[in-house]
Every structure is written in C-alpha cells, then in structure tokens.
1. In the stretch 27-41, what residues are farther than 20 Å from Pro225 by Cα and under 21 Å from the mean Cα position of the chain (by Cα)?
2. Is it the case that Leu57 is farther than 21 Å from Val248 by Cα, of a type in the set (A, V, I, L, M), within 15 Å of the ligand (Cβ to nearest atom) and not assigned by TED's automatic domain parsing to the domain that holds Glu278?
3. Kindly evaluate Gly167 against the criterion of being without any contact (Cβ under 8 Å) to a residue 60 or more places away in the chain, in a loop (DSSP other than H, G, I, E, B) and within 30 Å of Leu36 (Cβ to Cβ).
4. Answer yes or no as to whether Arg307 is at pLDDT 95 or above, part of a strand (DSSP E or B), exposed (fewer than 15 other Cβ atoms within 10 Å of the Cβ) and not aromatic (Phe, Trp, Tyr).
5. Looking at Ala51, Ala22, can you tell me which residue is open to solvent by less than 30 Å² (accessible area, probe 1.4 Å), more than 10 Å from the ligand (Cβ to nearest atom) and not β-branched (Val, Ile, Thr)?
6. Exactly one condition in (1) of a type in the set (D, E, K, R); (2) within 15 Å of the ligand (Cβ to nearest atom); (3) not assigned by TED's automatic domain parsing to the domain that holds Asp366 is false for Glu37; which is it?
7. Could you tell me which numbered condition Gly80 fails, if it satisfies all but one of (1) touching a residue at least 60 places away in the same chain (Cβ under 8 Å); (2) under 16 Å from Cys159 (Cβ atoms)?
8. Given the residues Ala207, Ala214, Ala231, which is the only one that is in contact with a Ser or Thr (Cβ under 6 Å, 6 or more places away or on another chain), closer than 30 Å to Pro330 by Cα and either part of a strand (DSSP E or B) or within 13 Å of the ligand (Cβ to nearest atom) (or both)?
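The values are calculated or read from the model by the stated rules, or taken from the named source; none is laboratory data. Only a predicted model underlies this, so the values are computations on that prediction, with no experimental measurement involved. Quick reminder, even Gly has a Cβ in these numbers, built from the backbone with ideal geometry, and neighbours come from all protein chains shown. For accessibility, only protein heavy atoms count, side chains too; no ligands or nucleic acids. Shrake-Rupley method; radii C 1.70, N 1.55, O 1.52, S 1.80 Å.
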Amino acid sequence: MPLRDHYDTIIVGGGIAGASLAYFLAERGARDVLLLERETEWARHSTGRSAATLCQLDPTETVLELKLIGGRFLRNPPPGFSESPLLRCCGTLTVFDAAGLQQEETRRPMLQRFGLDASFLDAEEVRQRVPALTDPEIAGGVWVESDGRLDVHEILSSCLRGARRLGVEIEQGCAVTGLVRTGERIEGVRTAQGEIGSRQVVAAAGAWNLRLAAWAEASPIALRPLRRCAAIYSPIEPAALAVDAPLVVADHRSVYFVPEAGEILMSPMDQVEMPPGEPLADDVVIAEGLERLALVAPDLRARRVRRSWAGLRTFSPDLVHVVGEDPARPGFFWLAGQGGYGIETCAAIGALAADLLTSGRSEVFDPARLSPARFLHNG
Ligand SMILES: Cc1cc2nc3c(=O)[nH]c(=O)nc-3n(C[C@H](O)[C@H](O)[C@H](O)COP(=O)(O)OP(=O)(O)OC[C@H]3O[C@@H](n4cnc5c(N)ncnc54)[C@H](O)[C@@H]3O)c2cc1C
C-alpha cells in the first residue's frame, strides 16, 4: 500500500522500542500511525544482538522498577498477544565478592519494598545452586527465581503483528534522512520517497537517536552508545553446567554466562563508546572475559568459541530511559536510552510512551522520572 503524505504519528525505528510502542499505541486506539524501519530485515541492530535475559536486579532503582513492570507483561501477556511463551523462567544468580555482597545487602530493604523475589545466598548456597561456581572469591549472591530467558524474536514479532492487525502501517527498507521543521515544531520526516508530514515524530532509532536529535536541534541529551560483545562457546566440561542452569552474573569478575542449546553464551560485559553503527566483536576482549570466567568456574573454561558478536547499548547520562516530548522542540518525542534493558523493559516503556502520546499522562509509571526535561532542570 503506498504511504500517505500525512500521519498523526510517525515512529522512526522498528527495533523493540519502536515495535512495542506501535503495539501499545494501536492497543489504545490510536489511528494514523506509521512505523518506518530503514533495514529490510527485522532486529538487525541491538534488538537482534541481546543476551535475551530478564534480569530484574539492577543497580539503578528506576530501571529496576521498570523491569518489574516489563517482567509482569512478559510473564503474562494478554490473551492472543503471542503464539508461544515470551519468558522461560530459569532464574538468575548474581554473585559477589565480600565487598560487593556487603554493598548489595544495603539494598535489601529497597528490593523487598518493590516486591522483587530476591533471596540472599551465602557462598555454600551459591555452590548448591550452581556447583561449577568454585571461585574462592565468591562470598555470596542474590537469586531471583522469576527471572529467565526471553524469546526476543517472539516478543518483537508479536508487537509488530498486533500493531499491524490494529491498523498501524509498517514500512521496511525506508530510511528517514532528515526531519521537517516549521518554526519551532517538527512536522514530519524526509525519506528517499519524499517528505511525510505528521503531528508528532517519535525517535525510536536506538543509537541513531543521536542523529535524529541533531537533525531536530532538540535538547542536548548526551546519549552514549556503548559496545558490548557476546560469544557462544563450548566448555571443556559440558556436563559441569546443567542445561536449565540460571544466568550467572559474576559481578566481581565482570562476566556473565548462561547455558544456550548445549553450549554457553557469555559476555565480557565490556562498555566501549562507539558512534552509531554496526560494531564488530573484539576477540581480545572476549578472550579476556573467558579468562575471568575460568576463574569463576574452572570447569567451564572454553574449548572453542563458535560465534561472537557485538551490539550497542545506548545510555542516557543517568542510565534511565528518556521518554517524552522534547521541551524545546514540540513534535519531537524521545524514546531513547534503552541501555542494556530495552527488551525486558519494552512493555513498561511502550505502554508509558503510548499513554503520553495519546493522552499526555500515564498510570503505568510517573512520566516525570523519564522525561527529557530532567536533564535540562539539572543544568
Ligand atoms: C550484547 C548485548 C546484550 C544485551 N542483553 C540484553 C538483555 O539480556 N536484556 C535486555 O533487555 N536487553 C539487552 N540488551 C540491550 C537491548 O538489546 C537494547 O536495549 C534494545 O535492543 C534497544 O532497542 P532499540 O529498539 O532502542 O534499538 P535497535 O534495536 O538498535 O533498533 C533501532 C532501529 O532503528 C532503525 N533506524 C535507525 N536509524 C533509522 C532511520 N534514520 N530511519 C529508519 N530507521 C532507522 C535501525 O535500523 C534499528 O532497526 C543487550 C544488548 C547487547 C548489545
């Protein structure tokens, strides 16, 4: 179907941020919505490069709250939303050295207040859960039973399917090359097929939100795309990790791992700032991560790395998502800063953004805590 020359809302980017917003907008009855994705394949960028985990424990309180909201949706989506379960609960186990555990203990009341099912374990209890964890530095850990592995493909395609069914127009292979501005207002986008007008434009382009914000001359929010690598490898003792073992985050060694179809998925938890683009995996960084992993669990040392990749995790200055209309540029709506939790928080953020775009307020979460204006008020 040919695109029209005007829509109410144009969403730029069809990763998990744009797709979940499209679904929630449609579900709230919004009409006249167009989603534009530059690539001809889905999930080519960050969304297709994640570790597919719901790990609700988070050092940033606001992000933790958003993960709890997102987790509830993924555990229990509305009837007919998806064709198969979105979450396989296998828990997560975050382990700490003595100093890290002491620090985490101070957060225990906050975790209880939010109702996260977090159990504090001592070193012996950690080893009972995952016997491969023989690192003498491990003083204890936090076990979260309701965490698990996500089916990212199913989440993304369910959002797109639902959005389409409810009337959202979705166009792949259509890059936005600029924004249309009239006075202070953003009033549409430029594409190779010409200009398309709209009342509001949503920047849901992951790391490329930097570019959209520059085109809009929007408020200066210093988004930082940080590269993170991951790899799938075979360990020397495959039987040392149960197939249904939880994701283990070894906080003190900066590495995490989880069983993946008979092999192990690991990340060296690197954070290297990069411009928007397609980062390559760094073999040295992965090898160093595997060395640290061997200290945590010697039986899980690598025999062979089968596949590696890297993706961008784009953070705002306070590590919390940026959601809302730009205070200085009406018509330009931020849906940015998904960081390392864009999949697990997508339902919370998508629903909140849809509320703001359709009614200007939300019961999902206090919009002021995610507003772009928070950076301007703090100078
Ligand atoms: C190694 C790694 C592990 C991770 N693990 C997890 C995890 O376990 N759990 C979790 O929740 N998150 C995880 N993340 C983070 C998660 O992947 C991101 O937060 C999320 O995918 C961001 O989604 P997005 O839609 O904002 O960005 P993207 O997926 O990058 O989507 C942006 C889209 O916008 C499109 N686009 C850009 N510019 C334009 C334009 N001009 N015109 C049209 N389209 C455009 C792009 O083509 C792209 O498809 C991980 C990330 C990495 C790299």
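1. To start, the set of residues in the stretch 27-41 that are farther than 20 Å from Pro225 by Cα comprises 27-36, 40-41.
Scanning the stretch 27-41 gives Leu35, Leu36, Glu41.
2. Details: farther than 21 Å from Val248 by Cα: no; of a type in the set (A, V, I, L, M): yes; within 15 Å of the ligand (Cβ to nearest atom): yes; not assigned by TED's automatic domain parsing to the domain that holds Glu278: yes.
No; evaluated as a whole, the condition is false for this residue.
3. Details: without any contact (Cβ under 8 Å) to a residue 60 or more places away in the chain: no; in a loop (DSSP other than H, G, I, E, B): yes; within 30 Å of Leu36 (Cβ to Cβ): yes.
Here the answer is no, as Gly167 does not meet what is asked.
4. Numbers: at pLDDT 95 or above: yes; part of a strand (DSSP E or B): yes; exposed (fewer than 15 other Cβ atoms within 10 Å of the Cβ): yes; not aromatic (Phe, Trp, Tyr): yes.
Taking the combined requirement at face value, the residue satisfies it.
5. Details: Ala51 fails: more than 10 Å from the ligand (Cβ to nearest atom).
That would be Ala22, the only listed residue that is open to solvent by less than 30 Å² (accessible area, probe 1.4 Å), more than 10 Å from the ligand (Cβ to nearest atom) and not β-branched (Val, Ile, Thr).
6. With respect to (1) of a type in the set (D, E, K, R); (2) within 15 Å of the ligand (Cβ to nearest atom); (3) not assigned by TED's automatic domain parsing to the domain that holds Asp366, Glu37 is out only on (3).
7. Result: Gly80 fails condition (1) only.
8. Values: Ala214 fails: in contact with a Ser or Thr (Cβ under 6 Å, 6 or more places away or on another chain); Ala231 fails: closer than 30 Å to Pro330 by Cα.
The unique qualifying residue is Ala207.
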